[in-house]
Every structure is written in structure tokens, then in C-alpha cells.
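Report on the structure given below.
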Amino acid sequence: MLEIAHLNAFYGRAHILRDLALTVARGEVLVLLGRNGAGKSTTLKSIIGLVRPAPGSSIRFAGREIAGLAPHLIARLGIGYVPEERRIFTDLTVMENLEVGRRPPPDGREPWTPERLFALFPNLARMKDRPGGRMSGGEQQMLTIARTLMGNPTLLLLDEPSEGLAPVIVEQMAEAIAAVKRAGVTVLLSEQNLHFAARVADRAAIIEKGVIRWQGSFADLDAAPEVKAQYLSV
Amino acid sequence: MDFLLVQFLTGLANASALFLIASGLTVIFGVTRVVNFAHGSFYMLGAYLAWTIVRALWEWGGREPWLFVSGLLLAALAVGAIGALVEMILLRRIYRAPELFQLLATFGVVLIVQDVTLALWGPEDLPLPRPRWLRAFVEVAGERFPLYDLILIFVGPVVLGLLWLLFQRTRFGILVRAATQDREMVAALGVDQRALFTGVFFLGSALAGLGGAIVLPSQNANLQMDLAIIAEAFVVVVVGGMGSVPGAFLASLLIAEVQAFGIVLVPKATLVLVFLVMAAVLMVRPYGLLGRPQAHARAPTGSVAPVIRAAPGVLKIAGAIALALAAAAPLYAGPYALTVLIELVVFILFAASLHLLMGPGGVVSFGHAAYFGLGAYGAALGVRFLAVPMEAGLVLAPLLAGLFGVVFGWFVVRLSGVYLAMLTLAFAQIVWAAAFQWVELTGGDNGILGVWPSPWARDKALFLWLALVLCLGATLLLRRAIYAPFGYALRAARDSELRAEAIGLDAARLRLVAFVLAAVAAGIAGGVYAYAKGSVFPTYISIPKSVDALLMVLLGGVQTVSGPIVGAVAFHGLFLTLLQWVEWWRAALGLAIVALVLAFPEGIAGFVQRRWEARFGAAS
Ligand SMILES: Nc1ncnc2c1ncn2[C@@H]1O[C@H](COP(=O)(O)OP(=O)(O)OP(=O)(O)O)[C@@H](O)[C@H]1O
Ligand SMILES: [Mg+2]
């Protein structure tokens, strides 16, 4: 589904991602683990095109090279991006936020509708006309995912979806991700919360200083405490 | 009482046109963050196109009201298309360039449109023939009130309603509102920003065009419309809060009423009054009536302003040689060349003074010509009313400029970003308006003549040397200030106000000192210029003069100390060459500006510096 090779990314002169390589298989949920500043967000931003990959980088999505394309073109190919900072349109109501994200599915799949999304995130159903600026952090997090799903992506990029959420909401979030996966969407998410990651993901990749250091299943990870100690803050 | 009512209604009618223009400007700014100087040009084009289209329609189908209305709408659509075209051809390429370069590019468009309009429609004012129904009056409280004005009163609210529907009820409107807040996120959701921006430019320009078209019956189409309206439109947009359409509506009512009653109460100072209202509003509400603190529109980040470095040795030697050549010019150059050289020296100081504000100070002034003009008028008023000799006049010049620098600066440094820039523009317009309207003091449009140097300096060579000593001396002092502890503190305050204050620097005060220094330096330049020309005019304070200074600084590059010098030489050289050789010099200058912005988005000196460093490594 997604094949990344030799991905290099810079902020000004700072070299952030170094020859990063990563593959996501169709239908799986892959979690990108790593400490603060490891480069998780930068990886996801490079995929959606908000950070421009350096020349020579390769990001193939569904067989097409997308490195260097404009973000809106990448999104239209079927990649949905949910930013870490949520970036809800605070002046727009919930329904209007969803409208911004709306795009018909590229194939004949059943599209996400507000109704389907409200079933996934019941909290949102009660505040259809509320401006995004007057919602709690958890509600905003749900809205930002729902908004992206309105674009009917086949690959969903989620940047730290559990960050700063109450346990109840984290639980809802995990269920939502499972439902999204059941709907046939491939998911690449970044996380620092290992429990949450183990709960939602099929597989993990660990990033440090812009390089993927380790990949494997959670069973493998549990069997390798030295990996956890070296790369994760647990 | 009745008279007041009529005056009030006149204000309402004027508010409609003002709102159309301002709403277009505010929508464009809200989404694209482009401060669009060319908006006034679209307004002017609206009037001219309406003049042509309405007359053609009347010729064809008789002078019917419905043909008149159709003509106005067609003109608006045509202007919308022109705006969209400008966006696609020009602005689209420079959204990533610094805001000020975009502004310069739009000013290039202003110049081009001026000459194109002149070429197509000629220099005469064009009145629309007015059939009887267009001249009709109605009785309002016993007074006669033009029917057309009465209809205009309703145009503003109707357009406000339509815009509201557009923004609340259509997908385009929702996307526009979303993009106003976070256009990067909108793109990440798969929306093509380019189409959105083009659409916004179409809408905004069409509104400006409609504004120009509806004033045609009461105000002939003329070539001064563009700059006359743009300052006013900026005032309305800023007072209302940038990006807010309802704010623009409120502000257009406020400003139009202030004008309507100002004409009765203080006929000599209506312009001053408008800008004073703006300054007052900004002091109470720094983001306008309905505006909000500017969340940075989340344009792609990445560029960090480089530190200003000392000039490499080679550059110092080149500067010394240039100075020696200039000082020796009387030996080999004719009188015209000497005149040009004097102007050049004056503009170098003018540009350097603005550079101190913009580079190290981070304060972008759209109205720096005010202090240049105040310097010139300081000297001229001294000559006119006190008959002071040149030596005293050259003291009065920086004194007056500095005095106003203190007063205006005190307000200005309290704001930031576009609001700050707009306030400097407003203050400059106040000074301009005073020079223009207060005829008893300043001679108005005729200016003040007979500002001649003292006998010893009448010789061109001696005056050149005087100018070199004063202007280049002041320029070098400004450079000194940049490298003095004051300059470092100023830059620290620019880069992080919080951090600077944490180590005990008073950022606002530092900026105020820089503002006054810059005003004094510009005042010296203005004073020398007055004596070089022998006369002063309100044009010394006009918007184009302020833009000249911006051009010089930006062409040179804000982040290089030699920038203003390079920029002044390049700009003035270009200007004189075009003036002398090209009939349509305005259009040519506009095209040159646009081309330069496209080619050197970091300025000429910045470009050379980057090349230099790529080649020889960074200067230590
Ligand atoms: N806009 C930026 N400009 C410069 N450097 C940046 C920028 N954004 C991130 N960085 C740097 O890039 C590196 C990687 O950042 P990134 O945001 O990808 O980390 P992350 O793994 O997502 O961390 P976190 O868990 O804190 O979100 C960090 O060292 C960070 O300081
Ligand atoms: Mg992150």
C-alpha cells in the first residue's frame, strides 16, 4: 500500500529524517513509536506533502510515486491526514468542519457520511451546530478524525491520536480505529502511549533520530525489553 | 435637523460603495494574506468599464434603467475576471515569498493598470451621461435627496446579505472560511488552494469593480480613483478587523458617516478626521472592531531570517571607491549628472532610515514618506514663515520629522504586523492630507516654492558635497547604530519579544527609539531634497513615495546592511532610465517591479550575498 524508501527531510538546514524506509501493508494498522522529537510527525507530514521530501526520496502509494506532489493532490489519491495539533476550524461548526473534508470515494465503496461518523463518535452527534472552538480537546480529536474520514481515504495517517485524552475517550478512540480498520482503511499512526498502541495496532515500527531502528509485532517487542529501554520512554 | 438627516443619508449611500470595495479587500486578505494594493485599481477599472459598457448598452437599447444595471454587473464580472487573471499569472507564483514582496508586486500592478487605463481611455475625466431617471430627486423630510443615492443605501446591506449566504450556505463559502483560518490544513484535506484563491480573487475584484461602477453616476471615471480609494479601503478593513466582512460593513458605515459630517464640521480636515478615527479605534481595539488576533495563517514554515552580518572587506573597499567617485563627480560630470547624484544620495539615506526600522527593528512602515515629507516641509515652512537660512532649515527638517516620529511612533510601536503597517500608512495620510488640504499653511497642491540653498551652497558641486556629508554621514551613523548594543537589543526584541523582556529589554521603547531615529534620518533626507529641488509638494508624502522607499529597501534586501544602498541606486537608476526613454514609464516600472519580485524574492543584495556565500563561504 505504502512504500517509503530513502526518505530525507529537512527543516531549514536541520536534517530530520535520514534515509527512512518503511512499508505499510494493505489493511493493516501500523504504529510508529518513538520519543519526543524522534521524527514521527515529520514522517507523516512528509507523506501527506506538508513537509517536502528532499530530492531522491521515494514514497510510493498504491504503486504511484507521490514524493514531491502538492498536499491536495496526495490527499485526493486517497490519503487522509489527521494532525497532532488537531487543527479544527474553530469558527466553523461541526457539520461545516465535516463539509470541508468531504470528497467522494475514489472507488465504489460506501462513503462515510455524517450519520455513519456520528455512530462512530456519539459525542459529536449532540453538537452538530457547535463551533469547533467551543469543544473539548477530546471532542476536537474526534472531529478531526471524522473530518478526515469524510474524504474517504484508503490510507489514514493519525498523529498521536491518544495524546492528552482522558482514559474514557482513549477507549472510544481505540474502538473507532478498530471500526475504521474493519471498514477496510489502512492506518499508519504515531504514538507514545505503548498500551494504546498495542491495543490498536497490528505491528510496530520504532523511529529514533529520523531512522527506523526496529520493526516487528508486539509479541516480539515484549520479548525485547532492551529495545524498549533504548528507544522508548517507558 | 432635516439637514442633518440628509447628511446622514448621504453618509449611508457612500458607505455602500465603500463597503463593496472593503469587503472585497478583506475577503482577499483573509484567505490569501495578500495586502492587495491593486484593489484600488480594480475599483478604477470598474468605473471605466462601466462607463464603456453602459454607454454601449444604451446606444443599443435606449437609456433604460435595466440596461444600466446590467452594465454595472457586467463591468463587475469583467473586473472579477481581470482580478482572477492577475492572481493566476502573478500572485500564484509568489504566495511563498515574504508578504512585503507580494505587496510590491501588487503595487507593480497598480502602475501597469494606471498606464493601461490611460492608454485605453485617455487622460480626461469621463462623466456618464445621466438620463432623467438618474437625476431624479425624492423628498426626504422636506429636503431634496437624489433617488440614486437612496437606492445606493440599500445596495450595501443587500450585498452583505448575499455574502452572508455565500459564506454560510455554500461549499465555496465554507472552504473560504476554513482557509481563512488554516489554509495548510484545508490543502491537506484535498482542497485545491489554487482554485480557491483564484475564486476568492474573482469575488473580491468583482466587488471592487462593482464599487467603482456604482459610483460612476455621481463621480466621473478618473485616473486618480485608484490611490484615492485604496487608502480609504485599507482604513475600513483595518477598522473593521482584517478578514471580517461584517466588520467591514460596520467600519464603512462609521467612516462614511465621519466623512459626511466631517465635511460640515471641519471641511478642511475631513481626511485627517478619517485617519484619526482609525488611529483611535486601533488604540482601543488593536485588531479592529470585529477582528481577532492574527493567528498566523499557517503558511508553510521553514525560513528563518538570517542574522545581519558585517559587510565583507571587498564591499567596504567598493563602497569607498564609489564614495570617492561620487565626491569627485564635479570634476568629470555635467550638471544633470550632479543633480541625479544629489537625488541618489538623498534616497540612500531615505532607504537606509526605513531599513533600520524594517530590518533590525522588524517594524514595517507603509508610510515612511511622512517623515521625508515632514523634513521637506519643516525646511520649507521655515523659509516661508520665518525666512530662515538654509543652515537653520536643515535643522528644522529633522526636528519636525523627529517630533512627529515621537508622537506617531508612540502609537505605532504598540501594534504589530499588518495593523501596525496600516497605522503607519494612516499617519502618513494624515500628514499628506494636512499638506494637501491646509492651503493657508502649506500652499496645498501648489506646494511651497523658493526653498533655495544659502548662497555658498548654490554651486552644484558644493551642494553635492554638502549632501554627501549630511546624507552619507547620517547613513553611516545608522549603520553604526545597527552594530551598537542598541542594534543588538533591537534585533533581540524583534526576534523574541518575550525573551528580550525577560532579560530586561523594553521592546516597545527600543522600537520607539528606532522609529524616532528613522524619522529624524528621513527628515534630514527630506530637508536636503527640499533645498536640492527648491520646492516642496504634497507628493513628497504620497503613497507612491512611501512605496518607493519600501521598494528600495526590499530590492536591496532587508537582511543585508548594504541592501538599502544597493536598492536605492538600482531603483533610482531604473526609474530615471525609464522616465527618460520609455513613454509608458509607469507600466514599464510596474513590469520591472513584478519581474524583479519574481526573479529575486529575497532582494538583489540578498541574492548576491547568497551567491557570494555559496562561492566563497560565509563572511566571518
Ligand atoms: N517546524 C520545525 N522547524 C524546525 N525544526 C522542527 C520543526 N518541527 C519539528 N522540528 C524538529 O524536528 C525533529 C522531529 O520533530 P517531530 O515533530 O517529527 O517529532 P515527533 O517524533 O513528532 O515528536 P513529538 O512526540 O514531540 O510529537 C525535532 O527535533 C524537532 O525539534
Ligand atoms: Mg509529533
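The fraction of Cα-Cα pairs per 10 angstrom bin, counted from 0 for chain B, comes to 3, 16, 26, 26, 17, 8, 2, 0, 0 percent, rounded to whole percents. Across A:51, A:31, A:168, mean-square fluctuation computed from a Gaussian network of chain A (C-alpha pairs under 10 Å connected) peaks at A:168. Between the helical axis of B:65-89 and the longest alpha-carbon principal axis of chain B there is an angle of about 30 degrees. Taking other C-beta atoms within 10 angstrom as a stand-in for reagent exposure, B:343, A:65 fall in the order A:65, B:343, fewest first.
I'd like the antiparallel share, as a percent to the nearest 5, of DSSP beta bridges with both residues in the protein assembly as shown. Given both bridge residues lie in the protein assembly as shown, the antiparallel proportion sits at roughly 60 percent.
Averaging the sequence gap over all C-alpha pairs within less than 8 Å and six or more residues apart, then dividing by the number of residues, gives chain B a relative contact order of 20 percent. Sorting B:8, B:427 from the fewest to the most surrounding beta carbons within 10 angstrom yields B:8, B:427. Length available on full extension from residue B:280 to residue B:164: 0.36 nm per residue minus the Cα-Cα distance, which gives 38.9 nm. Considering only beta bridges that DSSP places wholly inside chain A, some 50 percent are antiparallel. Can you tell me how the stretch B:94-238 classifies by the Cα gyration tensor, rounded, prolate or oblate, using a/c under 1.5 as the rounded cut? It comes out oblate by the Cα gyration axes. When only Cα pairs under 8 Å and 6 or more residues apart are kept, what is the percent relative contact order across chain A? Worked out over chain A, it gives 28 percent. Taking amide H positions as modeled 1.01 Å from N, with prolines and chain starts lacking one, no residue 5 or more places away or on another chain lies under 5 Å from residue A:201.
For the pair residue B:266 and residue B:3, label points projected 7 Å from Cα toward Cβ lie 2.0 nm apart. At q = 0.09, 0.11, 0.15 Å⁻¹, work out log10 I(q)/I(0) for the stretch B:316-616 with the Debye formula, treating every Cα as an identical point scatterer and leaving solvent out; two decimals please. Taking Cα atoms of the stretch B:316-616 as identical point scatterers yields -0.43, -0.65, -1.22.
Converting phi to 3J(HN,Hα) with the Karplus coefficients 6.51, -1.76 and 1.60 and the offset θ = phi - 60°, the stretch A:118-127 yields 5, 5, 6, 10, x, 4, 5, 4, 7, 9 Hz in sequence order, with x at every glycine or proline. The angle between the Cα long axis of helix B:193-214 and the longest principal axis of the Cα atoms of chain B comes to about 70 degrees, rounded to the nearest 10. Tell me which aspartates and glutamates have Cα within less than 20 Å of residue B:268's Cα, excluding those fewer than 8 residues away on the same chain? By straight Cα distance, residue B:268 reaches B:232, B:257, B:440, B:445. The GNM of chain A, with springs linking C-alpha atoms under 10 angstrom apart, assigns the highest mean-square fluctuation among A:24, A:82, A:100 to A:100. A Förster radius of 56 Å combined with the Cβ-Cβ distance from residue A:60 to residue B:219 puts the calculated FRET efficiency at roughly 0.40.
Ignoring lysines fewer than eight residues from residue A:128 along the same chain, the ones with Cα atoms less than 26 angstrom from its Cα are A:181. Residues whose amide H falls under 5 Å from that of residue A:51, counting only those 5 or more places apart or on a different chain, are A:46, with hydrogens built in the peptide plane. For the protein assembly as shown, place one equal point scatterer on every Cα, skip the solvent, and apply the Debye formula. What is log10 of I(q)/I(0) at q = 0.09, 0.10 Å⁻¹? Here the Debye-derived log intensity ratios amount to -0.99, -1.15.
For chain B, take the longest principal axis of its alpha carbons; what is the angle in degrees between that and the long axis of helix B:473-483, to the nearest 10 within 0 to 90? Orientation of helix B:473-483: about 90 degrees from the principal axis.
At a Cα cut-off below 18 Å, give the lysines reachable from residue B:533, other chains included and same-chain residues fewer than 8 away excluded. Within reach: B:460, B:545. Normalised by 2.2 N^0.38 Å, where N counts its residues, the alpha-carbon radius of gyration of the stretch B:2-223 equals 1.09. Once both labels are positioned 7 Å from their Cα atoms along Cα-to-Cβ, the gap between residue B:134 and residue B:151 label points is 1.0 nm.
With neighbours defined as other Cβ atoms within 10 Å of a residue's Cβ, the residues B:346, B:314, B:176, B:536 order from fewest to most as B:314, B:176, B:346, B:536. Working from label points 7 Å from Cα in the Cα-to-Cβ sense, the residue B:595 to residue A:35 distance is 5.5 nm. Computed from backbone phi, the HN-Hα couplings of the stretch A:206-215 come to 10, 10, 8, 6, x, 10, 6, 9, 7, 9 Hz, rounded to whole numbers (Karplus: 6.51 cos²θ - 1.76 cosθ + 1.60, θ = phi - 60°; Gly and Pro given as x). Only Cα pairs under 8 Å and 6+ residues apart enter the sum, and on that basis the relative contact order of the stretch B:316-616 stands at 30 percent.
Taken together, the values in this text are just the output of simple stated rules run on the coordinates, not laboratory data. All of these numbers come straight from a predicted model, not from anything done at the bench. Methodologically, a virtual Cβ is constructed for each residue, glycine included, from the backbone with ideal geometry; neighbour enumeration extends over all protein chains shown.
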